[in-house]
1. For region 42-82, give me each residue that is surrounded by fewer than 17 Cβ atoms within 10 Å (Cβ to Cβ) and among the hydroxyl-bearing types (Ser, Thr, Tyr).
2. Within the group 266, 242, which residue is assigned by TED's automatic domain parsing to the domain that holds residue 368 and basic (Lys, Arg)?
3. Out of the residues in region 208-230 that are of a type in the set (A, V, I, L, M, F, W, C) and surrounded by fewer than 20 Cβ atoms within 10 Å (Cβ to Cβ), which is nearest to residue 254 (Cα to Cα)?
4. Among the residues of region 347-391 satisfying the criterion of being of a type in the set (Phe, Trp, Tyr) and surrounded by 14 or more Cβ atoms within 10 Å (Cβ to Cβ), which is modelled with the lowest pLDDT?
5. Could you tell me which residue of region 181-215 is farthest from residue 395 (Cα to Cα), considering only residues that are part of a strand (DSSP E or B) and in contact with a Ser or Thr (Cβ under 8 Å, 6 or more places away or on another chain)?
6. When region 235-258 is examined, which residues are found to be buried (at least 18 other Cβ atoms within 10 Å of the Cβ) and closer than 20 Å to residue 347 by Cβ?
Amino acid sequence: MKTEIIPVGTEILLGNIVDTDSSFLASELSSLGLDLYFISTVGDNHDRLFDTLKRAWERAGLIIVTGGLGPTQDDITREAIGMLVDEELRVDEALWQELRNLFSRYPGRIPEGNTKQAAVIPSAQVIHNSMGTAPGWWVEKDGHIIIALPGPPEEMKLMWQESVRPRLKQKTGEAIILSRTIKTFQVAEARVDELVAPISGLSNPTLATYINPDGVYLRITAKAQRREEAESLVRRTEEQVRAMLASHIWGVDDETLESVVGDLLRSRELRLATMESCTAGLLCTTVAGGRESCIFYRGGLLACSHEAKTALGVGVQPGEPHGEENLKVAKAMAETARQSLNADIGLGVGGRLSCDTNSGDVFTAIVWDEFDMTHTHRVRGNHLRMKQRATYAALFDLRRVLLERRINAPDH
């Protein structure tokens, strides 16, 4: 069954709120084996909403509308659906009594506008809302299903889980869509696509790449009638992908690079300390945000100026306002962090980031008792993206060292 989601609300088009409803529903539809073809956002305008619904009716068997079910004049989802299926709205007295009972718990007169929330069309079955005043609709007509849900995410999700999902599952059977996301770093999107080219033409599972601050993601998506079959398809393809991308892969699905590194440090009882400059505290914040970071993370030092580095014992050559950073300085920063915070491993990150050219050089250093390693990375993007890329480059370098060197904790 082809599916289309229609989020309703001018506030979405203006950027006042983020449409999280659609991302939640997209994930849910996949787990039910339903193909989502379109997400069509439309403002609070009756004619445009009707046109959007009409277009969806022509190309999808299942239409899910979120928003526009409130009591105000710009809440027009009910009227537009009624016009689409050529049915007249009438106030359902039983539903109106339910709403009156709900409002009786609060002081004051019931606003007349709430009457419209009790209006339904003949083919609409009411989806009750236990968290708010806006009931939803389930409409079946001429081989189509239209589901209307309120916009507030908490209300929408609860109604979906309690009423909509079980009913859709009965109609769709056990078919599911299963995805696995492989996360890579230090390899370009075009190169990832090139490396997996021998299997990229598969129709099931399918492969798709996309970029994030922590690298290029490769999504494997399989569709099957049974979960075991879908899992088998994904597993076989993942094995092929891993053979092709090898050391560039650092995680899967919901894993974060900071948690992956944290797990390695924690399992080996190693203590990490960091010192950074060009990342302006993002490295410390990221590492500290990992799972149980207090176990392995001693803390971080921030030195954005020549004076700060000098005060902390990092030798730099004067000549520029922030000191001339290079691999030698990054190594000194890592050693300073390790000694100052009594850690096993020191990680230093410095660099020169240019907002004029949206590019820069980042220097990372990893220092331990028995060795030290330095790397240079070229980063591009706006200032925030460059800081993010620098942070993840440092963590990726640390992950690789931990895996390749098999570092274990000394006796503390």
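The values are calculated or read from the model by the stated rules, or taken from the named source; none is laboratory data. Quick caveat: nothing in here was measured; it's all calculated off a predicted structure. In this analysis, Cβ positions are derived from the backbone assuming ideal geometry, glycine residues included, and neighbour counts consider all displayed protein chains.
1. Passing the criteria: only 72.
2. Numbers: 242 fails: assigned by TED's automatic domain parsing to the domain that holds residue 368.
Residue meeting the stated conditions: 266.
3. Residues of region 208-230 of a type in the set (A, V, I, L, M, F, W, C): 208, 211, 216, 218, 220, 222, 224, 230.
Now narrow it down to the ones that are surrounded by fewer than 20 Cβ atoms within 10 Å (Cβ to Cβ): 208, 211.
On the way: 208: 17, 211: 15 Å.
For region 208-230, the residue satisfying everything is 211.
4. Here is the first cut: in region 347-391, the ones of a type in the set (Phe, Trp, Tyr) are 363, 368, 371.
Narrowing further to those that are surrounded by 14 or more Cβ atoms within 10 Å (Cβ to Cβ): 363, 368.
Numbers: 363: 95, 368: 92.
The residue in question is 368.
5. Applying the first criterion (part of a strand (DSSP E or B)) to region 181-215 yields 181-184, 206-212, 215.
So of that shortlist, the ones also in contact with a Ser or Thr (Cβ under 8 Å, 6 or more places away or on another chain) come out as 206-208, 215.
Details: 206: 30, 207: 27, 208: 25, 215: 12 Å.
So the residue we want is 206.
6. Those that are buried (at least 18 other Cβ atoms within 10 Å of the Cβ) and closer than 20 Å to residue 347 by Cβ: 250, 251, 256, 257, 258.
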